[in-house]
Amino acid sequence: MIEYLMDSEFLLLLLKIIVIFGGVMGALAYLTWLERKVIARVQMRPGPTRVGPFGLLQPIADGLKFLFKEDVIPTNANTFLYVAAPVVSLIPALLSFSVIPFGPSLQITDLGVGLLFIFAITSLGVYGIVLGGWSSNSKYPLMGAMRSSAQMISYELSLTLSVVGVLLIANTLSLAQIVVSQQRTLLGFIPRWNIFLQPVAFLVYVISAVAETNRLPFDFAESEQELVAGWHTEYSSLKFAMFMLAEYANMVTVSALATIMFLGGWAGPMFGPALLQTALPTVWFVLKVGVFIFFYVLMRATVPRLRYDQLMKFGWKFLLPLSLANIVLTSLIVAIAAS
Amino acid sequence: MMQTIFFVFAAVAVGAAINVLVQKHVMYSALSLILMLTAVSVLFILLRADFLAVIQVIIYAGAIMVLFVFVIMLLNLPQDEDGADRLWWLKFLGIPLGLFFLFLVIATLWNVESSVDTRAGISGSAGAIGHSLFTDFLLPFEATSLLILIALMGAVVFAKKDL
């Protein structure tokens, strides 16, 4: 046992876990700062400025505030499920980072079914919202949870199906190999990223991903003008913080997945000394993910919420047929090209 | 190491399965069922059938059980459903049927021969299953898809009374 623990491979794995987990948690904290700052700028406000330069210490202040707030549990709530719900929400959200390749070697484990693993894990995340809404024993949270579960079931379909086109081209489910499969170029100068081969799938994926993470314009689980705060109305203190953390983690996961599947993952121009070359792929990856997250934040600041029936109609009658048609067309082309 | 993991998750699976029956509240039963399905998927991973494990979580724990929980929330059933009186005879029907089902499971396990090698390794299991689905098991596969289509149409007929 001791020999196994001192094994250099094991130590390397441990180091990777610490680096990725620490990096992701830090990034999640600063995403709240980024979101507040960007939205403020869109609305001609300065945003957080008081704590530290440019309000950069705001996430730390927020964290401390969450820690010291009173932890309220409603009298008629189902205590066990009420306490369990934030945990159920956060664990799947963080678990998906274990298979995401942040660079050629910066990946905790490269599962053969990595992509499906992420879909499986994220599909469990909905229970956090559902249980949180139900166990609060309150009307607004229940409404929010019901809307959210219906929405997530509907958009999970088109999200999963939009990826099939990419899988048909890449011919693998491993996330690292999907990235590797995109490393050639088209016509000599355009990178062979799947966004150019599968533009329809990309469009469907991005739209469904917004709905899947319950963000504006699809934030019906929350919709503060109608449901106070939706499924986490009754939550306070650290439990609320865990829900928020899970939401941001999911946002990063879908952005990272979009980067891996459609934008060539860690691929990018390589230059400079050897030390820089090892760090560059991760830099490109983080930059690409950052572009997606910036897009998400801009969407929240600019696009108004849809109506609930519009959301359902859009998902079932437009996105689902579109992604199905994309699969049929792609598999036809792949079959013809193979024969 | 592997054995410890097996016994832990096997115990969780059996315990959760019993809990599904014991719990009075429907919501707890549904949640126990989810726990059971997830624990079984870990057992699949131990058998190196990781594709099956992931599919188990996606379809059963992630999709079907979400619908169950959704319906339970929607109906908001009372804590202690008292419907046992009308269906008392089901108890006597249940025992022989349960024994028959147990017999079926044992008989199947007795005669099983490993026809599909799901253990083709960490990277190959999805490909191996896909290949055998579209060659050796093409007819059952297509028949299943027809069955699902019929169920789908049935659901539409139920939902829309005047077509």
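Any chance you could count the Lys pairs in chain A whose alpha carbons are under 20 Å apart, treating pairs 8 or more apart or on different chains as valid? Before the final figure, lay out each step's value.
On the way: A:LYS37/A:LYS65; A:LYS37/A:LYS288; A:LYS65/A:LYS239; A:LYS69/A:LYS239; A:LYS139/A:LYS239.
Counting lysine pairs in chain A gives 5.
Whole number in Å², please: accessible area per residue of the range A:61-216, 1.4 Å probe, ligands, DNA and RNA not counted.
39 Å²
Which of rounded, prolate, oblate describes the range A:244-339, given a ≥ b ≥ c as roots of the alpha-carbon gyration tensor eigenvalues and a/c under 1.5 marking rounded, otherwise prolate only if a/b is larger than b/c?
Verdict is oblate for the range A:244-339.
Quick check: from the Cα gyration tensor, does the protein assembly as shown come out rounded (a/c under 1.5), prolate or oblate? Can you show the working numbers first?
Values: a/c = 1.44, a/b = 1.15, b/c = 1.25.
Taking the square roots of the gyration eigenvalues as a ≥ b ≥ c, the protein assembly as shown is rounded.
What does the charge dipole of the protein assembly as shown about its Cα centre add up to, to the nearest 20 debye, if the Cβ of each Lys and Arg holds +1 and the Cβ of each Asp and Glu holds -1? Kindly include the intermediate steps, with their values, before the conclusion.
On the way: 27 positive and 27 negative charges, 270 e Å.
Dipole size: approximately 1300 debye.
Farthest toward the dipole's positive end in the protein assembly as shown, which of B:LEU46, A:TRP193, B:PHE141, given Cβ charges of +1 (Lys, Arg) and -1 (Asp, Glu) about the Cα centre?
A:TRP193
How shielded is B:51-64 by partner chains, expressed as the average number of their Cβ atoms within 10 Å of its Cβ atoms?
5
With a Förster radius of 56 Å, plug the Cβ-Cβ distance of B:LEU75 and A:PHE294 into 1/(1 + (r/R0)^6) and report the FRET value to the nearest 0.05.
Taking R0 as 56 Å, the efficiency between B:LEU75 and A:PHE294 is 0.85.
For the range A:21-91 and the range A:96-171, write down the distance between their C-alpha centroids in whole Å.
Here the two parts' Cα centres lie 21 Å apart.
For the range B:1-79, compute the orientation-averaged projected area of the C-alpha convex hull (one quarter of its surface), in nm².
5.1 nm²
Round to a whole number: what % of the accessible area of the protein assembly as shown belongs to carbon and sulfur, probe 1.4 Å? Spell out each step's value before the answer.
On the way: 20520 of 27980 Å².
Result for the protein assembly as shown: 73 percent of the exposed heavy-atom area is carbon or sulfur.
Using a Gaussian network for chain A with springs between C-alpha atoms less than 10 Å apart, which of these wobbles most: A:PHE196, A:PHE271, A:PHE97?
Sorting by GNM fluctuation, first place goes to A:PHE271.
Checking the a/c ratio against 1.5 first, then a/b against b/c, what shape does the Cα gyration tensor give for the range A:204-268?
Because a/c hits 1.5 or more and a/b fails to exceed b/c, the range A:204-268 counts as oblate.
Please build a GNM for chain A, connecting alpha carbons under 10 Å apart, and tell me which residue among A:THR282, A:THR75, A:THR109 fluctuates the most.
Evaluated over chain A, the most mobile residue of the options is A:THR75.
Give me the accessible area buried between chains A and B, both sides summed, with a 1.4 Å probe, in Å² rounded to the nearest 100.
2000 Å²
The values are calculated or read from the model by the stated rules, or taken from the named source; none is laboratory data. The model shown is predicted, which means the values in this text are computed figures rather than measured ones. So basically every Cβ, Gly included, is an ideal-geometry build from the backbone, and we count neighbours across all protein chains shown. Note: areas computed on protein heavy atoms with side chains; ligands, DNA, RNA excluded. Shrake-Rupley method; radii C 1.70, N 1.55, O 1.52, S 1.80 Å.
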